[in-house]
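Have a look at the structure below before the remarks.
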Amino acid sequence: MATEYWMSGPVENIPALLQPVAHALLQANQEINNLMQDFPEDLLWEKPAGLASPGYHLQHVSGVLDRLFTYARAEALSQQQFAALADEGNPGASLHDLLDHFNAQVHQSLMQLSATPEDTLTAFRGVGRKQLPSTVLGLLFHAAEHTMRHTGQLLVTAKVLLDMHAR
């Protein structure tokens, strides 16, 4: 594979217009798993300089993918999704559990991308209780860019924590 997913060609079974979303999700998945593979469990919920903890970022990217892909299917959030949102940032889950959940959410997201007809991409989708206007493509693109934003934040935060505790 090339250095990054976007340079490795099309992802099998993903519609052409959704390739950038798939590439971003696969890139985030790879980077997060590589970084967090041997991350010390005792640093998972630390907040250096008041920043969000690595554990929060792992919870949040999983939750955002779940919520935005739910909206893309024109579905309302479930009580379980609201409970997960309220729980984001609360310590408790292990690194192994957080990574497993994230990996499963990326896989589920890719499966949804593969089943998304390109002719639905501009269809209206309401977001949240206020039904703020978006489209299928808008939600899927935002899921990808939001995931990458938090991937970058997680990478920096984890490296800062590792450096602080190595001294």
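The values are calculated or read from the model by the stated rules, or taken from the named source; none is laboratory data. All of these numbers come straight from a predicted model, not from anything done at the bench. Please note: Cβ atoms are built from the backbone with ideal geometry, for glycine as well, and neighbour counts cover all protein chains shown. In case anyone asks, the SASA skips ligands and DNA or RNA and just uses the protein heavy atoms, side chains included. Shrake-Rupley method; radii C 1.70, N 1.55, O 1.52, S 1.80 Å.
See the values below:
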quantity	calculated
Charge dipole (the chain, unit charges on Cβ, about Cα centre) - positive-most of 28, 3, 150	150
Apportionment of accessible area to carbon and sulfur, the chain, percent (1.4 Å)	57
Surface accessible to a 1.4 Å probe, residue 42 within the full protein complex, Å²	120
Unit charges on C-beta of K, R, D, E only; dipole of the range 19-167, Debye	500
Cα radius of gyration and Dmax for the chain (Å)	16.4, 55
Gaussian network model of the chain, springs between alpha carbon atoms under 10 Å - residue of 53, 78, 134 with greatest fluctuation	78
Part-to-part distance (alpha-carbon centres) for the range 119-167 and the range 35-111, which is given in Å	11
Label-point separation in nm, residue 145 to residue 160, each point 7 Å along Cα→Cβ	2.4
Relative contact order (%) - the range 44-156, alpha-carbon pairs under 8 angstrom, separation at least six	35
Cα centre as origin, Lys/Arg/Asp/Glu Cβ charges: the range 106-167 dipole, Debye	340
Candidates per trypsin sites (Lys or Arg not before Pro) in the range 60-145, loop by DSSP, up to 16 other Cβ within 10 Å	73, 129, 130
Local electrostatic count, residue 5, Cβ distance below 15 Å [Lys/Arg +1, Asp/Glu -1]	-4
